[in-house]
1. Take the stretch B:289-319 and flag every residue that is more than 7 Å from every other protein chain (Cβ to nearest Cβ) and either of a type in the set (S, T, N, Q) or not in a helix (DSSP H, G or I) (or both).
2. Taking A:Leu270, is it in a helix (DSSP H, G or I) and either charged (D, E, K, R) or touching a residue at least 24 places away in the same chain (Cβ under 8 Å) (or both)?
3. Can you list residue pairs whose Cβ atoms sit under 8 Å apart, with the first residue in the stretch B:184-196 being of a type in the set (S, T, N, Q) and the second being part of a loop (DSSP other than H, G, I, E, B)? Count only pairs 6 or more apart in sequence or on different chains.
4. Just to check your reading of the model, which residue among B:Val50, B:Val27 is assigned by TED's automatic domain parsing to the domain that holds B:Ile135 and either closer than 13 Å to B:Asn130 by Cα or among the polar types (S, T, N, Q) (or both)?
5. Considering only the stretch B:1-24, how many residues are touching a residue at least 40 places away in the same chain (Cβ under 8 Å), in contact with a helix residue (DSSP H, G or I) (Cβ under 8 Å, 6 or more places away or on another chain) and within 14 Å of B:Gly140 (Cβ to Cβ)?
6. Looking at the stretch B:280-288, is at least one residue away from every other protein chain (no Cβ under 13 Å), touching a residue at least 12 places away in the same chain (Cβ under 8 Å) and among the hydroxyl-bearing types (Ser, Thr, Tyr)?
7. Go through B:Glu264, B:Glu234 for me and flag whichever is more than 14 Å from A:Val278 (Cα to Cα), within 11 Å of chain A (Cβ to nearest Cβ), of a type outside the set (Phe, Trp, Tyr) and surrounded by fewer than 18 Cβ atoms within 10 Å (Cβ to Cβ).
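The values are calculated or read from the model by the stated rules, or taken from the named source; none is laboratory data. Keep in mind the model is a prediction, meaning the values are calculated, not measured. Here the Cβ is made from the backbone with ideal geometry for all residues, glycine too, and neighbour counts use every protein chain on show.
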Protein chains: 2
Amino acid sequence: MSSSSEFLCEGLLEGDRRSAARLLTMVEDGDPAAREVMRRLYRHTGRAHVVGLTGSPGSGKSTLACALAGNIRAQGLSVGIICVDPSSPFTGGALLGDRVRMQELAGDPGVFIRSMGSRGALGGLSVAINDAINILDAFGSDYILVETVGAGQVEIEVVKYAHTCVVVMMPGGGDEIQAIKAGILEIGDIFVVNKSDRQGAERTMSDIEMMIEMTPAPDAGSWRPPVLLTAALESRGIEELAAALEAHKEHLEASGRLASKVEERMKAELLEILSMRVSSAAIRMLEDSDAGRDLARRMTAREIAPHDAADEVIRRLRC
Amino acid sequence: MSSSSEFLCEGLLEGDRRSAARLLTMVEDGDPAAREVMRRLYRHTGRAHVVGLTGSPGSGKSTLACALAGNIRAQGLSVGIICVDPSSPFTGGALLGDRVRMQELAGDPGVFIRSMGSRGALGGLSVAINDAINILDAFGSDYILVETVGAGQVEIEVVKYAHTCVVVMMPGGGDEIQAIKAGILEIGDIFVVNKSDRQGAERTMSDIEMMIEMTPAPDAGSWRPPVLLTAALESRGIEELAAALEAHKEHLEASGRLASKVEERMKAELLEILSMRVSSAAIRMLEDSDAGRDLARRMTAREIAPHDAADEVIRRLRC
C-alpha cells in the first residue's frame, strides 16, 4: 500500500474530515488509487444504518434530511449525508431557509455532508455512491442519509439497497400516484407526505395507505410501511419519522431481515463494480485494438448485430 | 432459426403491426428468443431518424410528441413513439386532451406507439429500448420519437445516443436551471420552451440561449442548438420544431457527424448488452455455485471487499 493511501486511510479511521473529503473526491473521480484504500477500509464498515430518501423533485427531501439530521444529532449520534439529487438544494440553488439550516449542520463536527454529481462514467455513479457510503461508514457515521431523486433507474437501485428506504411525497398531484405506479410503492419502508400543511395531505396519506393495504404482505411477521405526515420546514413530524426509522431498524434486526438486506446490497454493489469494469475493458478493446476497431466497423456496416458483437467482445475481454 | 421467430421477423418486415407488438413484448420481457430475431432484423435497420425527447415531468413532452407525430404524418412519413417516462400520459393517467390526441394517432396505420416500463432487470431497460428502436426501424418507421424523463442516468444515456436530442423545458422555475446544471445542456441538439403561453417563456428562452452562447463551440462548422417556443396543446411552434429537426438531420449528414453518432450509439448499445450479460452471469454464479455462495458469505463477513470480489467473479465468469 502506498504511503499516501495509508495516510488517508488512517486519517479517515481517526475521524479526520479532510481525509474523508479527499477520499470521497477520489472515488467520485474514479481514481484507481481509491481501490487500494477501499480494500483496507472495508473491514471497518458495516456499522452505519443507511437510510435512502427518494421522491420527486420539490417534495422537500433535502429539508427533511436536514431536519432528520438535527434529530439524530440531538440523540447524540453522528450522521453523514450523501446527496445525488441534481435538483436538491444540497447540490446548489438552496432556498434561504435551507441554506441557513445546512450551514448550521455543516458547522457541526458530528455531521458530514457530501453532494455527488449525477453524471460520470457508465455505471460509475452507483459504484461511487456505494464507495461513499462505505467511506462514511468507516469514518464512524451512525446514520448515513442518501438523498436521490426518484425518477431514474440508477437512483432507485441505490436507494433500494439502503437498510431503510424513505419515500417522500407531496400532498395532492397525479405525479404522486404515477410515482407509486412506477414501482416506488415496492421499495418504500416508510412513506412520508411532506409539506403536510398544504391542502390534501390527509387525502394523499390515505391514498397511499390504501395502496399499501392492497399489496399482499409477503408473510405474517413482515413490515407494514407506515405513512407519516411531516412539515420539515417547521420541523413537524420529524420525531415520528425518527421513531419510525428506529422501529424499522429494530424490525430488521429482530426478524433477521438485516442480514439478507446487507447481502442484497453487497451483491448489487459487486454487480455495479463488475459492469463498470467490463465496460471500461470493452471500451479500451473497441478503441485501442485492431480487432475492436474492426468490430466497430462491422457493426456500423450492419454486418454484425450488437448482441453478436457482445459475444465477440466477451471472448476477447481481459478485465 | 425457429419457425416462430422467422414468422415474426417476416411479419415485421412486411409491416404487420401484431408482429411488431409481439416482438416489442419479447424484448421488454428479456425473452431469449428475441435475440435470434434481433440478429436477423439488424441488417434492415439504420434508416429511421431517432429523436430523443427529454425534460422534467410536467414539461409536456408527450403532448409535444403527439403534435410532432401529427406534423410528421402530414409530411407523408411514418412515425414510431417509444415512451419510457413513468410520469407520461402515454404510460397512464393521460389528460383528456392528450387522450383524444393519442387515440387519433393510435388509429393511424402510419403511427406505432409503445410504452415501456422503467423498471426491469439491471441494465435491462437500456437494452430493451435500443432493441425497440431497432424493431421500429426495421418495421419501417421514418422517425422514431423516444420520450424519457430527464432525471435519471439510464434515460439520459439513451437519449444521448439518439440522432437528435430535444430537451423540453417549461417557462420559469429554478428546476430548469438545475436541469441545465445537471448536464442537460451538453446533450441537447434542440431546446424547446413548451407551454410558452405561460409567463416567463421569453425569459427562460433567453436564459437558455445565453448559457448556450457561453459554451464554446467545438469547432467552426459545429451545430448551434436553437431554442424554440412551443405551445404543444395549441399546436403552436410545431412546424418550427419539425423544421429544426430537419435542419439538424441535414447538418448531421452534411458534416459527417451522422456516421460518428451512429457509431457512438452502437458502442453504447454494445456496452449495455455486455453489462446485462455479465450481470446475469454473475448473479447465476453467486447464487448457483458453491464458489459463488462462498464469495457472498465472505463479503457479508467483510473478509473480502466488493472490488476484490469482482476480481474473483471475473476470473470465474462464463458469460
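1. Passing the criteria: B:Ser289, B:Ala301, B:Glu303, B:Ile304, B:Leu317, B:Arg318.
2. no
3. Pairs that qualify, where the first residue is of a type in the set (S, T, N, Q) and the partner is part of a loop (DSSP other than H, G, I, E, B), are B:Asn194/B:Gly55; B:Asn194/B:Ser59; B:Asn194/B:Gly60; B:Asn194/B:Met170; B:Asn194/B:Thr230; B:Ser196/B:Pro171; B:Ser196/B:Thr230; B:Ser196/B:Gly237.
4. Being assigned by TED's automatic domain parsing to the domain that holds B:Ile135 and either closer than 13 Å to B:Asn130 by Cα or among the polar types (S, T, N, Q) (or both) holds for just one of B:Val50, B:Val27, which is B:Val50.
5. Final tally of qualifying residues: 5.
6. Checked against the condition, which is being away from every other protein chain (no Cβ under 13 Å), touching a residue at least 12 places away in the same chain (Cβ under 8 Å) and among the hydroxyl-bearing types (Ser, Thr, Tyr), the stretch B:280-288 yields no hits at all.
7. Values: B:Glu234 fails: within 11 Å of chain A (Cβ to nearest Cβ).
Residue meeting the stated conditions: B:Glu264.
Quick grid of which residues meet (1) surrounded by fewer than 24 Cβ atoms within 10 Å (Cβ to Cβ); (2) of a type in the set (S, T, N, Q); (3) assigned to a helix (DSSP H, G or I); (4) at pLDDT below 65:
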residue: A:Leu136; (1), (2), (3), (4): no, no, yes, no
residue: A:Leu145; (1), (2), (3), (4): no, no, no, no
residue: A:Val159; (1), (2), (3), (4): no, no, yes, no
residue: A:Val168; (1), (2), (3), (4): no, no, no, no
residue: A:Leu185; (1), (2), (3), (4): yes, no, yes, no
